[in-house]
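Read-outs: derived from the displayed coordinates by stated rules, not from any lab. Owing to the predicted nature of the structure, the values given are computational and were not obtained by experimental measurement. FYI the Cβ positions are ideal-geometry reconstructions off the backbone, even for glycines, and counts take in every protein chain you see.
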Amino acid sequence: MTDLKEELSETMYCILLSLREERHGYGIIQRVADFTAGSVQIGAGTIYTSLKKLERAGWIDRTRTEERRHYYVLTDRGTRALAEQTLRIERLYAYGRGIA
Amino acid sequence: MTRRTAWFTAFAHPTPTKLEDWLELQAAQGWEPRELDDMSAIRMHLQATTPAKVRYVVDPQQKIDGSYRATYEDAGWKYVGELSSLQVWRRRYTGARPEAFTDRQSRRARDVRMAWATGVVGTLALLGAFTRVILGVAHIGKSAEDWPLEAGILALIGIPLVALTVALTRRRVPTESEGGQDS
């Protein structure tokens, strides 16, 4: 399995956040635009590439296919990774606030 | 004139971005590809249309499924066709130029997919050239005297492809803070 932790981008992090509930590709794009108030816009090519990568890493699972659309959701491994990443970001934020 | 055919020299559009730029220039001048096939890399049939700002995206994907197309179509892209495993999409726009690859990692992944394709074909061509030289020098085969021409042609195909592969794998991909444009 691929270890994505070292290269987890803002886009990937947002995709993981949106996949706490089952969604398809465009559903993820909309959800991320929604909770970031439009500041993170994910392109179709990026979402397709990212989902394949996250699936290969075992962080998300394909749950079903409906009208050509694959639906995905976080796996246990993905849920743990998301929690770890959130803690890491919180730590970095605290360091930044401490010296800024 | 409502239709025309554009002919390209070899490696006229060595990267997806170059082909996108060319297609967008045609769109601005009122031309769009009529149909795409494997030959479109050297000759492309175009038809007249209303000049418009159109964003083209060239996505190297060998195996695509319905979900791939659905994701793009849901996001507002129209499928143009396939050109030697390059999936071509377009979208008319008025404001900011839309992007299909919005982060550094996916742009890098696109370069790597392209590099795989050029690398495999280029390496095979160079191996063919090398083999032809060996066979020619050793006078093996029926047309042993033709080996310089055949090896030369294969080398002419292989060397630029391998060079392009190296360039794609070494290319610096812009960071997100530098914007979404590939260079």
- Query: Based on DSSP H runs of at least 4 residues, each adding -39500 (n - 2.57), what is the mean residue ellipticity at 222 nm of chain B after dividing by all its residues, to the nearest 500 deg cm²/dmol?
  - Reply: -15000 deg cm²/dmol
- Query: Okay, which of segment A:11-30 sit inside 19 Å, backbone N to the point 7 Å along the Cα-Cβ direction of A:Glu67?
  - Reply: A:22-30
- Message: As I understand it, the value is the acute angle between the Cα axis of helix B:104-137 and the longest principal axis of the Cα atoms of chain B; what does it come to in degrees, rounded to 10?
- Response: 20
- Would you please give the residues with an amide H less than 5 Å from that of B:Lys53, counting only those at least 5 places away or on a separate chain, with H modeled from the backbone geometry? B:Tyr93
- Phi-derived 3J(HN,Hα) across segment B:152-164 with the Karplus relation (6.51, -1.76, 1.60, θ = phi - 60°), rounded Hz, x for Gly and Pro, is x, 5, 4, 5, 5, 7, x, 4, x, 5, 5, 4, 5
- Item | Amide hydrogen neighbours beyond the local backbone of B:Val80, cut-off 5 Å, H modeled | B:Val88, B:Trp89, B:Arg90
- Site B:Thr50, offset 7 angstrom along Cα→Cβ, radius 13 Å on amide nitrogen, limited to segment B:17-35, gives B:30
- Message: Is the C-alpha gyration tensor of segment B:41-95 telling us rounded, prolate or oblate? Criteria: a/c under 1.5 is rounded; beyond that, a/b larger than b/c is prolate, otherwise oblate.
- Response: oblate
- Item | Residue of B:Lys18, B:Lys53, B:Lys63 that the Gaussian network model of chain B assigns the largest fluctuation, springs spanning Cα pairs under 10 Å | B:Lys63
- Item | Helix-only [θ]222 nm of chain A, DSSP H runs n ≥ 4, -39500 (n - 2.57) each, per residue, nearest 500 | -18500 deg cm²/dmol
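How high is the FRET efficiency between A:Glu55 and B:Leu124 when r is their beta carbon distance and R₀ equals 45 Å, given to the nearest 0.05?
Computed FRET efficiency for A:Glu55 and B:Leu124 comes out at 0.90.
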- Query: Which shape class, rounded, prolate or oblate, goes with segment B:3-92 when its Cα gyration tensor gives a ≥ b ≥ c as root eigenvalues, a/c under 1.5 marks rounded, and past that a/b bigger than b/c marks prolate?
  - Reply: oblate
- Message: Please list, in order along segment B:17-30, the HN-Hα scalar couplings obtained from phi with the Karplus expression 6.51 cos²θ - 1.76 cosθ + 1.60 (θ = phi - 60°), rounded to whole Hz, x for Gly and Pro.
- Response: 4, 5, 5, 4, 4, 5, 5, 6, 5, 4, 4, 5, 8, x
- Simple spin-label model, 7 Å along Cα-to-Cβ: B:Ala10 to A:Arg80 in nm? 5.3
